[in-house]
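Below you'll find the structure I mean.
Each value in this text was obtained by applying a stated rule to the coordinates, not by laboratory testing. Bear in mind the structure is a predicted one, so any value in this text is a computation, not a measurement. As a convention, Cβ positions derive from the backbone with ideal geometry for all residues, glycine included, and neighbour counts pool all protein chains shown.
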Amino acid sequence: MTIHEYFKVNNRIALAFSGGTDSAYLLWEAVSCGADVKAYYVKSALQPGFETRDAEELAERLGCGFEILKVDVLSDPDVTANPADRCYYCKKRIMGTIIAAAKADGYDLLCDGTNASDDISDRPGYKALQELGIRSPLRECGITKAEVRARSKEAGLPTWSKPAYACLATRIKTGEPITAEKLEITEKAEGILFDMGYSDFRVRMRGDAALVQIAKDQHARAMAEEKVIIEAIGGLYSSVSIDPQPR
């Protein structure tokens, strides 16, 4: 089944929308195919502010229904304890909130942007999607990440080259409690690096220290600017180091 055929059969859907490459392309396809689609973006302490702005701007550009839902994931001890399957509990809470809002708006089918390249064997969150009956059209239609980027570029979507950006909780080592303060520090540090022109990186918390991981294409620059980076975010941590290996 092609994605166009998918939306002919399923022409009234709600979309769990992150503003990332996959969900952005899926939203564009749904709108282009004439489907009745509404995008729901969940704002929590785990999402940085720029993701919210990106999602809102794209939904407005595509002219579709859009709603921001606020979820207090930090009130869930299964999330804040940060176990290996934290994503399962977080996804259940987030998607459950979207399902309730979508049903109230008359949408019975909720989709997400999981694609055919995603390794679901190592994604506890995907188990939550299955349990909640959430569909993944890109995966069902065999569309890979590379295809999503190529098609997004052809469609003129600004997200075609957007680096993957996992939630802020992934910067905290498994087993270390997640707190609002840690997430705020992480968002602030990564915001500084974004302002410096870096686009594909992670600032990992190691206790109260930071390990900066930079993608291969920007790694040489980061190593050359090591002192500048350490000075820029050093006030937020006890110490800062740059991973000598690209991420």
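Roughly what would the spin-label model give for residue 184 and residue 68, points 7 Å off Cα along C-beta, in nm?
Result: 1.8 nm between the two label points.
While we're looking at this one, here's another question. For 219, 4, what's the fewest-to-most ordering of other Cβ within 10 Å of each Cβ?
Ranking 219, 4 by Cβ neighbours within 10 Å, fewest first, gives 4, 219.
Mean-square fluctuation check for the chain, GNM, Cα pairs under 10 Å: which of 140, 225, 187 is largest?
Evaluated over the chain, the most mobile residue of the options is 225.
Could you tell me which of rounded, prolate or oblate describes segment 179-242, using a ≥ b ≥ c as the square roots of the eigenvalues of the alpha-carbon gyration tensor, with rounded for a/c under 1.5 and, failing that, prolate when a/b is larger than b/c and oblate otherwise? Each step should come with its number before you reach the end.
Details: a/c = 1.81, a/b = 1.55, b/c = 1.17.
Since a/c reaches 1.5 and a/b is larger than b/c, the shape of segment 179-242 is classed as prolate.
Compute the angle between helix 49-62 and the longest alpha-carbon principal axis of the chain, please, reported from 0 to 90 degrees and rounded to the nearest 10.
30 degrees
Here's another thing I want to ask about it. Just to confirm the number: angle between the C-alpha axis of helix 180-195 and the first principal axis of the chain, 0 to 90 degrees, nearest 10?
90 degrees
Continuing with this model, one more query. Could you state the angle between the C-alpha long axis of helix 145-155 and the longest principal axis of the C-alpha atoms of the chain, as a value from 0 to 90 degrees rounded to the nearest 10?
So the helix axis and the longest Cα principal axis differ by about 70 degrees.
Segment 186-212 to segment 99-159: how many Å between their Cα centroids?
27 Å
Run the helix sum for the chain: -39,500 (n - 2.57) per DSSP H stretch of 4+ residues, divided by residue count, reported at 222 nm to the nearest 500 deg cm²/dmol.
My calculation for the chain gives -13500 deg cm²/dmol from helical runs alone.
Give me the Kirkwood hydrodynamic radius of segment 144-206 in Å, from all C-alpha pairs, to one decimal place? Write out the running numbers ahead of the final one.
Values: mean 1/r = 0.0739 Å⁻¹.
The Cα-based Kirkwood calculation yields 13.5 Å.
Same structure, new question: Enumerate the calculated ³J(HN,Hα) couplings along segment 119-126 in order (Karplus 6.51 cos²θ - 1.76 cosθ + 1.60, θ = phi - 60°), each rounded to whole Hz, writing x wherever the residue is Gly or Pro.
For segment 119-126, the Karplus-derived couplings read 7, 6, 5, 10, 10, x, x, 5 Hz, x marking Gly and Pro.
Which value, in debye to the nearest 20, describes the size of the charge dipole of segment 179-242 about its Cα centre when Lys and Arg Cβ atoms bear +1, Asp and Glu Cβ atoms bear -1, and nothing else is charged?
Numbers: 8 positive and 11 negative charges, 46 e Å.
Using Cβ point charges on Lys, Arg, Asp and Glu, segment 179-242 gives about 220 debye.
How big is the antiparallel share of DSSP beta bridges in the chain, given as a percent to the nearest 5? Mind showing how you got there, number by number?
Working: 6 of 24 bridges.
Taking every DSSP beta bridge within the chain, about 25 percent pair in antiparallel fashion.
Once amide H atoms are placed 1.01 Å from N in the peptide plane, what residues at a sequence separation of 5 or more from residue 242, or on another chain, have their amide H within under 5 Å of its amide H?
212
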